[in-house]
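This report concerns only the one structure given below.
The values are calculated or read from the model by the stated rules, or taken from the named source; none is laboratory data. A quick note: this is a predicted structure, and the numbers were derived from the prediction, not measured. Because the Cβ atoms are built from the backbone with ideal geometry, glycine has one as well, and the counts that use them run over all protein chains shown.
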Amino acid sequence: MSEGEARRRPDWRAWFAPRGRRTGMWAFVLNRITGLLLLAYVFVHLAVLSVLFQGPAGYDRLVRWMSSWPFLLFDVALVAVLLVHGLNGVRLVFVGLGAGSHRQREWFWAAMAAAAAVFAYTTYLILAPAWR
Amino acid sequence: MAEVELTVRVLRGPARASAAGGRYETYTLRADAGWSLLDVLEALQAGPAPDLMYRHSCHHASCGTCALRVDGRERLACLTTVGQIAAGRLGERTGHGKDYRLPRGARAAVTLEPLRSFPVLGDLAADFAEFFGKLDAVEADLVAARGEEATHFEHCITCGACMSACPIVASDLEYLGPAPLALALRGLQDPTKTGSDARRLAAADQPHGVWRCHHVFECTAACPAGVDPGQALMELRARLVRRRLGWREGARR
Amino acid sequence: MIGAGSTGAAIAHDLASRGIRTAVVERGEPASGTTGRNHALLHSGGRYVVKDPESAVECIQENLLLRRAAPGVIEETGGLFVAIDDEDLAYREAFLEGCRRAGVPAEEIPPDLARRLEPGLTESVRAAVRVPDAVIDPYRLVLSWLATAQANGAEVFPFTPVEAVEVRAGRVAHVVAHDLVHRRRLRLEAPVVINAAGPWAGRVAALAGVEVPVQPSAGVMVALAARLNQRVINRMRPPGDGDIIVPQRATSIIGTTSWNVESGDRIPVPPDHVRRMIEEGAKLLPAVREAPVLAAFAAARPLVAGNKESDGRELSRGFQVFDHGRDGAEGFMSVVGGKTTTSRLMAEIVADRVCEKLGVQQECRTRELALLPFHRFRWREGG
Ligand SMILES: Cc1cc2nc3c(=O)[nH]c(=O)nc-3n(C[C@H](O)[C@H](O)[C@H](O)COP(=O)(O)OP(=O)(O)OC[C@H]3O[C@@H](n4cnc5c(N)ncnc54)[C@H](O)[C@@H]3O)c2cc1C
Ligand code: SF4
Ligand code: FES
């Protein structure tokens, strides 16, 4: 056999293969996915803001969009993604400093619980005015 | 001991660059609940699969040759028993010395695959050459604290389970990976200072060293020896940060 | 070389270090036979001083050499022989005298000091003697030997079972082996072929049409999920069942038993043997009873059956070399028995024989040579 055949190749599928894996992997996968969603959001955000180039009429349209139901729901989802990514990020900062890395699983669930609480509150803040 | 009708799916195939690309063969056999997976594999070798390739040596979790993926999870074959599989208790470190109270005529099915991110010598046998090269890079010594009255073998048995569990090892071929980095730290802590600390630190402090880790902690979850390589990686990072900032290391170098 | 257990690996290292072109074929992973599964004790010789003093002398000499050659695969724990009843105590005198004669450094210590050193010991310790036992990592020792042999030009083929040994006109001609890694048949021509197949040596010998009367004798060991002792603990009495507890990594391993089996394959682990090990072990370290079992396993000693013993081929008490030239297969040799502890010595004796056959004049250097670390071993070329 030639040497070449024995060389393995980078396998990126492993980043999204949670079979047989545990909490740490789910946290990792979640962070990749939310990270990619946030990246996508930045572009959507810029695209939406670009209507401002149309002057005052554009501004009015934007405000109308932004208070429409689909947009509000989008905002709610955005908050969820931000919270998951951000709070998990805080967990990683601490864990990465060597603080409580053997408790990383508990930290993950704590971060997610915090995310859920803040999410519930912000959802209320976003949707309550539209309800009325 | 209770007998179990065991269906084993084995990912087989010739030498190749990674576990992918083999084909699954299914065998059914009657197995004693007290058998380890090594007994199962030996029974297959004696019967329907005479050329079956798998690695084993010590049969008691000390040599680190027998790690493979059991239903997707890294396990030592020597510690995984048929009873444990039938009882669905793969989360337990060992199935030996336990009575799982299986019903008569119990059946179970299991899928065996070679470790991920290792080239394969054939069937379930992973080629550890690349992994051993990484151990070499950190001058891994498995005997700690030589010269004291009682020395200890390092608990890491270089089984490769952590390497297989880590998604970063899969995507970055040069990443040293959990076990080599944990052993680098172990070497730095060895009070008798065998091996070159400078070489260990240089190996750890590079893009494919500790900085490549993304805190997945599957290494620690997969380790059958309780080594906690994830924690070791974080400690090594803290050490390197202190060194870069010029902080003193206390009594140690 | 056929077989990469401690015997085959040590011989390959010796031959390669003398500059002799060597190939090793092993049917599975290196040390996947008896060697990897043994009790992991680097004998001080203490166990043999009364019944088999020559073995004891070999053990202590090789023990010291191996510590120097391969420190990375040896845990220098030291060992204790302890007497816990009157019968044991009656053995003490003969034991100490035997150690003195064999040159096994033995230091008697008061029982309470023994219990301070090993707090897990039973309260009924009556006498205790310190000896230089140690703990081996047999798998990595074999890899170190093979890695060093590879560095000296030897070729090692794991996963390559030997299928035929061709004998032509009274001489061994070549060996055919199935290289499972490269999925090919290997034909290795060599003037000397050495059968070091342990409990399978009889089967390999049969491939060449000669006979080696091996009677595999199995032993059960129980590894606990706790390290209850820091030193090797031996019962001070004639060798028997369950009288040694070896600490290795995070485990304590109790062993062993002894019964005849058909072959080295599919050795059962009888539950009553496991219970016996725990009972016997608990007499020395009471905590054995409560400690969870990590694994129970068995290996087979390649014992040589009686009828061939008297033909003068015995070169050392612990093991035997059969030169099959007399059986019509010149160049074919079988090496059976011994211990992992004394493998280097066995290898020296066998390699001397090989050199003689090949007409090569090269002194043995394995007494001084340090071994490479285990992680230099490679399973295939270019790997
Ligand atoms: C229970 C027990 C406990 C022991 N404890 C100790 C101890 O504590 N300390 C100590 O020093 N000694 C101990 N020993 C003794 C020691 O383990 C053995 O003497 C030694 O391992 C024998 O080594 P070997 O290389 O001759 O045989 P093995 O290790 O069995 O090697 C033979 C090799 O040949 C291979 N093989 C077989 N057939 C073929 C084929 N057709 N083609 C290619 N390869 C083949 C096998 O796969 C195997 O790897 C113990 C033995 C037993 C049984
Ligand atoms: S750290 Fe644990 S999982 Fe990784 S090689 Fe060592 S023993 Fe195996
Ligand atoms: S066979 Fe040694 S670790 Fe399983």
Worksheet item: Within the range B:122-132, restricting attention to residues that are among the aliphatic types (A, V, I, L, M) and in contact with a helix residue (DSSP H, G or I) (Cβ under 9 Å, 6 or more places away or on another chain), which residue is nearest to the other protein chains (Cβ to nearest Cβ)?
Response: B:A129
Discussion item. Being buried (at least 19 other Cβ atoms within 10 Å of the Cβ), over 21 Å from the mean Cα position of the chain (by Cα) and not small (G, A, S) narrows it down to one residue among C:L180, C:L146, C:L186, C:L141; which is it?
Written reply: C:L180
Worksheet entry | Check on C:L117, under 21 Å from C:V336 (Cβ atoms) and surrounded by fewer than 23 Cβ atoms within 10 Å (Cβ to Cβ) | no
Worksheet, complete the sentence: Considering residues that are touching a strand residue (DSSP E or B) at 6+ places or on another chain (Cβ under 6 Å), in contact (Cβ under 8 Å) with a residue 24 or more places away in the chain and either surrounded by fewer than 18 Cβ atoms within 10 Å (Cβ to Cβ) or assigned to a strand (DSSP E or B) (or both), the number found within the range C:189-208 is 3
Discussion item. Residues that are within 14 Å of chain B (Cβ to nearest Cβ): list the helices (runs of 4 or more DSSP H) wholly contained in the range C:67-182 that include at least 3 such residues.
Written reply: C:111-117, C:138-151
Item to complete: Identify all residues within the range C:13-51 that are among the aliphatic types (A, V, I, L, M) and touching a Ser or Thr at 6+ places or on another chain (Cβ under 6 Å); write none if there are none.
Response: C:L15, C:A16, C:V25, C:A31, C:L42
Worksheet entry | A:F71 more than 19 Å from A:V29 (Cβ to Cβ), within 19 Å of the chain's Cα centre (by Cα) and not charged (D, E, K, R) | yes
Worksheet item: Residues of the range B:60-91 being within 16 Å of ligand 2 (Cβ to nearest atom), more than 21 Å from B:D123 (Cα to Cα) and surrounded by fewer than 23 Cβ atoms within 10 Å (Cβ to Cβ), which ones?
Response: B:L90, B:G91
Item to complete: Give me the pairs, please: first residue somewhere in the range C:256-278 and within 11 Å of another protein chain (Cβ to nearest Cβ), second residue anywhere and among the charged types (D, E, K, R) and surrounded by 18 or more Cβ atoms within 10 Å (Cβ to Cβ), beta-carbon distance under 6 Å, and either six or more positions apart or on two chains.
Response: C:R266/B:E42
Discussion item. Any residue in the range B:224-235 that is closer than 11 Å to B:L181 by Cα and more than 16 Å from ligand 3 (Cβ to nearest atom) sitting within a Cβ distance under 8 Å of a residue that is modelled with pLDDT under 90 and of a type in the set (A, V, I, L, M)? List the pairs, counting only those 6 or more apart or interchain.
Written reply: B:M234/A:V95; B:M234/A:L97
Worksheet, complete the sentence: Scanning the range B:27-50 for residues that are more than 24 Å from C:P161 (Cα to Cα) and either exposed (fewer than 15 other Cβ atoms within 10 Å of the Cβ) or at pLDDT below 95 (or both) gives B:T28, B:R30
Practice prompt. Search the range C:243-255 for residues being part of a loop (DSSP other than H, G, I, E, B) and at pLDDT below 95, and hand back the single one that is surrounded by the most Cβ atoms within 10 Å (Cβ to Cβ).
Written response: C:R249
Worksheet item: Out of all the residues in the range C:262-292, which are within 23 Å of C:A197 (Cβ to Cβ) and touching a helix residue (DSSP H, G or I) at 6+ places or on another chain (Cβ under 8 Å)?
Response: C:S263, C:G264, C:D265, C:R266
Response to the item:
B:A15 fails exactly one of (1) within 16 Å of ligand 3 (Cβ to nearest atom); (2) buried (at least 22 other Cβ atoms within 10 Å of the Cβ), namely (1)
Worksheet entry | From the options C:R140, C:R237, residue that is within 30 Å of C:R353 (Cβ to Cβ) and of a type in the set (K, R) | C:R140
Item to complete: Return the residue satisfying two criteria in turn: it lies in the range B:152-167 and is in contact with a strand residue (DSSP E or B) (Cβ under 7 Å, 6 or more places away or on another chain) and either surrounded by fewer than 24 Cβ atoms within 10 Å (Cβ to Cβ) or not assigned by TED's automatic domain parsing to the domain that holds B:C219 (or both), and of such residues it is nearest to B:E74 (Cα to Cα).
Response: B:E154
Practice prompt. Could you look through the range B:81-100, keep only residues that are out of contact with any strand residue (DSSP E or B) (no Cβ under 6 Å at 6 or more places or on another chain), more than 13 Å from chain A (Cβ to nearest Cβ) and assigned to a loop (DSSP other than H, G, I, E, B), and pick out the one that is nearest to B:G226 (Cα to Cα)?
Written response: B:R93
Item to complete: Starting from residues that are in a loop (DSSP other than H, G, I, E, B) and small (G, A, S), keep the ones in the range B:37-80 and report whichever is nearest to ligand 1 (Cβ to nearest atom).
Response: B:S57
Discussion item. Tell me yes or no: at least one residue of the range B:214-229 is more than 21 Å from the chain's Cα centre (by Cα) and on the phi < 0 side of the Ramachandran plot.
Written reply: no
Worksheet entry | Filtered residues of the range A:84-132 (kept if away from chain B (no Cβ under 14 Å) and outside any helix (DSSP H, G or I)) | A:R132
